[in-house]
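Each remark here refers to the structure printed beneath this line.
The values are calculated or read from the model by the stated rules, or taken from the named source; none is laboratory data. Predicted, not measured: the structure shown is a model, and the values here were computed from it. Cβ atoms come from the backbone with ideal geometry, glycine included; neighbour counts cover every protein chain shown. Note: areas computed on protein heavy atoms with side chains; ligands, DNA, RNA excluded. Shrake-Rupley method; radii C 1.70, N 1.55, O 1.52, S 1.80 Å.
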Amino acid sequence: MPAATVEVAELTRRFGDFTAVDALTFSVHRGEVFGFLGPNGSGKTTTIRMLCGILPPSAGVAAVLGHDVVREVDAIKRQIGYMSQRFALYDELTPRENLRFYGGVYGVSGSDLPSRVTGLLDRFDLQAAADRLCGSLPGGVRQRVAFAAAAIHQPEILFLDEPTAAVDPASRRAFWDMIYDTAAGGTTVLVTTHFMDEAEYCHRLALMSRGRLIACDSPAGIKHALGAEMMEVVCDQPARALDFLVDQPWIRSATLVGTRLHVLLRQEGTAERLRATLSAAGTPPHSVAPAAPSLEDAFVALTADAAS
Amino acid sequence: MTSSRSSPATAGEAEVRARRGKDSRRLRANVQLGQIAVEARSLSCRFGSIQALDGLDLEIQRGEIFGLVGPDGAGKTTTLRILAGLVPPSSGEAHVAGIDVHDPEPLCDRIGYLAQRFALYGDLTVWENVCFFAEVFRVSTRDRDERAVELLAMAGLEPFRGRLADQLSGGMKQKLALTCALIHRPEVLLLDEPTAGVDPISRRDVWRILYRLQAEGLTVVLSTAYLDEAERCSRLALLSLGRVVAVGTPDELRSRHSGTIVEVVLAEATPERLRSARDLARRAQGATGAQLFGDRLHVVMERADQIDTFVAGLREFVTIASATPVTPTVEDVFLQLRAGAAEQIPSPLAGEG
């Protein structure tokens, strides 16, 4: 069993009478890429801020690298790196200068610093841009510089808060390569995102809704654990058909994706029943075929379960 | 319109003129019948040194839910702002619901526009917000009441009429903003990243509203940076650097993907094993790319008949639980088209050696 680098039990944070994070319990292993997936306001950033020791919990405990997030904040801060959505790079400095600056901030010793900067520039393919002003670089490149800056002091854990919002798909894939390479070197990576497709990149995910953990598993595991059958339906007037389907008790969720309906059945639901209902509604299906549920299907179904 | 007594001309010129006349007549007829909801020709837009749009063409039929897809800086927001009459193009022309975008006054009545950061009044209730926007768009009280009942019911906001907008959840705010943008029954609705950051249930609600209104003939043009949203559109334009690089239904775009994608799942996957499998795949014969998605590896093969050899080769080094061909996503197509585009910006992002 790999060692846990983050262990959290009943972690809670209240702001006045609002519970932003509600009794979270989970652990993250060394070298894992662990994601927090949820909409805005679901408690992702609050959780990360507590794990970084920036925000004290209202209740519960959290240990990061074996250190308590309340009593041993200083020990934690030396061993973690943090990259926010608006990565704080200095536009009027070059990537090389930014890395040197952050190395100084994080207390990397003067003699180690130049070689460490060169090492990161090489590793993340940043040499060509190393001496241009950051302000003039494309978003994807800036993002990689920010990642390198957060990793300059070789932290045990990297926290990435919505890191790839707003970059193009090619840069995003390149960025995830960097994350995987870093994780393969033993660094644990914790990422927040509200994008379902981005969450597919994580080894394991915590699905969050209104401050609560509604599932914690690999993306495939979460979909599998749904235990429900997904059907893809092609029919005329799918928007009308959808209106008939959403209220059926044997249907867990239904949604329209372009011209196709995605219907998640409950145990008592069958393809035959689906065909019969659609025909009775005046929208007989051209086809009903099993399909793989998406992470969004899982999220919607699990959120609904948690609410009821 | 054209003069019947044309001056003597060569057969070729006459033919060209006749064809041009026919084309423009057909176009006018289409616009009059309301078949074309949005038309843009060679739109360019420059802000200082930034070329936001660089000769963008679009033709959107009435009743489509049309997605503008691309990364930040591709020109999505600028396109929507031009179509909404908020920014004049530097060159080129555009018509929305038959109206020239240089004529923003009449355009306002025919379109709805929802910016990324929309303005609801937080200290007004749901109903007061609806009334406010109805007044701005000079909707009669009777029309307003009729339309509002329908829209609020669709959005599931009827029970919250009296609640302050500030006290709504993010998803409910989004649905209220949509209601306000639709209160004057626009023909064309322009939405800039309508569901970014919204919870998935509200997001499905928003799409359900759009599909219903589509069935009534509304045309929707929306921008998105994310492919799962793109899959919901009836047609898409993939934008890159201010230009359209491809247009089609999601299925049509997927069919333009050359090669086969095989999904490899490793037994006992660890981050190190996954990474080495990826690196092996990238060097394999017939493989044009490999990408990790969590514990799965996607490898693009030039031809389907190369899969068996590839998988057998990979098995020499790692234990494979399964290897199955998967359908390419819109993102896969986008990446392939971009990689093939001649005008790709030289960036230090290149290659993985």
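The distance between label points at A:Asp217 and B:Asp54 comes to 4.7 nm (points 7 Å beyond Cα on the Cα→Cβ vector). Applying 1/(1 + (r/R0)^6) with R0 = 41 Å to the Cβ-Cβ distance of B:Arg254 and B:Ser91 gives a FRET efficiency near 0.75.
Taken along the Cα-to-beta-carbon direction at a fixed 7 Å, the label points for A:Glu268 and A:Phe18 span 4.0 nm. Rounded to the nearest 20, the Cβ-based charge dipole of the protein assembly as shown about its Cα centre (Lys and Arg +1, Asp and Glu -1) stands at 800 debye. Within the shell of other residues whose beta carbon sits under 12 angstrom from the beta carbon of B:Gln285, the net charge comes to +2, with Lys and Arg scored +1 and Asp and Glu -1. Between chain A and chain B, the total buried accessible area stands at approximately 4100 Å², from heavy atoms with a 1.4 Å probe. Per-residue surface analysis assigns B:Thr327 an accessible area of about 100 Å², computed on protein heavy atoms at 1.4 Å probe radius.
Rolled with a 1.4 Å probe across the full set of protein chains, the surface gives B:Lys173 an accessible area near 60 Å². In degrees between 0 and 90, to the nearest 10, how far off the longest principal axis of chain A does helix A:169-184 point, with axes built from Cα atoms? Once rounded, one gets 70 degrees.
Equivalent-ellipsoid semi-axes (√(5λ), Cα gyration tensor) for chain B, whole Å, largest first?
42, 32, 17
Across peptide B:226-232, the mean count of Cβ atoms from other chains lying within 10 Å of each residue's own Cβ comes to 5.
Protein-only accessible surface at a 1.4 angstrom probe places the residues A:Ser111, B:Ser258, A:Ser218 in the order A:Ser111, B:Ser258, A:Ser218, largest first. Share of carbon and sulfur in the accessible area of chain A stands at 50%, probe radius 1.4 Å. Against the main long axis of the alpha-carbon atoms of chain B, helix B:11-33 sits at an angle near 80°.
Per residue of B:202-213, other chain Cβ atoms within 10 Å of the residue Cβ number 4 on average. For region B:219-286, trypsin sites (Lys or Arg not before Pro) are listed when DSSP marks them as loop and at most 14 other Cβ atoms sit within 10 Å of their Cβ; the list is B:Arg256.
Rounded to the nearest 0.05, the FRET efficiency derived from the C-beta distance between A:His286 and B:Ser322 at R0 = 25 Å is 0.25.
Restricting attention to region A:224-308, which GluC sites (Glu not before Pro) occupy a DSSP loop and are surrounded by at most 16 other Cβ atoms within 10 Å?
A:Glu268
Beta bridges per DSSP, both residues in chain A: antiparallel share near 65 percent. Summarise the long-distance tail of P(r) for region A:203-255 by giving the % of C-alpha pairs beyond 16 Å. Cα-Cα pairs of region A:203-255 separated by over 16 Å account for 58 percent.
Projected label points at B:Thr288 and A:Trp250, each 7 Å from Cα along the beta carbon direction, are separated by 4.5 nanometres. With axes computed from alpha carbons, what is the tilt in degrees of helix B:170-182 against the longest principal axis of chain B, rounded to the nearest 10 within 0 to 90? The angle comes out at about 40 degrees.
Ranked from largest, the principal axis spans of the Cα set of region B:258-327 equal 30, 23, 19 Å.
Sorting A:Cys216, A:Cys52 by solvent-accessible area of protein heavy atoms yields A:Cys216, A:Cys52, largest first, with a 1.4 Å probe. For the peptide A:241-252, the mean number of other protein chain Cβ atoms found within 10 angstrom of a residue's Cβ is 1. What net charge do the residues around B:Val101 carry, taking every other residue with its C-beta under 13 Å from that of B:Val101, with Lys and Arg at +1 and Asp and Glu at -1? Net local charge, B:Val101 excluded: -2. Percent antiparallel among DSSP beta bridges with both residues in chain B, to the nearest 5? So the antiparallel bridges amount to about 70 percent of the total.
Here the relative contact order of chain B, from alpha carbon pairs under 8 Å that lie six or more residues apart, stands at 17 percent. Build a GNM of chain B with springs between Cα atoms under 10 Å apart, and of B:Thr324, B:Thr195, B:Thr78 the one that fluctuates most is B:Thr324. Figure legend: label point modelled 7 angstrom from the Cα of B:Phe132 along Cα→Cβ; residues of region B:182-219 with amide N under 17 Å from it are B:182-184. Counting only DSSP H runs of at least 4 residues, each contributing -39500 (n - 2.57), and dividing by the residue count of chain B, the helix-based mean residue ellipticity at 222 nm comes to -12000 deg cm²/dmol. Among the trypsin sites (Lys or Arg not before Pro) in region A:48-126, those located in a DSSP loop and surrounded by at most 13 other Cβ atoms within 10 Å of their own Cβ are A:Arg71, A:Arg86. Going from the isolated chain to the complete set of protein chains, region B:70-102 loses at least 20 Å² of heavy-atom accessible area (1.4 Å probe) at B:Pro71, B:Asp72.
Applying 1/(1 + (r/R0)^6) with r as the Cβ-Cβ distance of A:Ala75 and B:Glu268 and R0 = 30 angstrom yields a FRET efficiency of 0.35.
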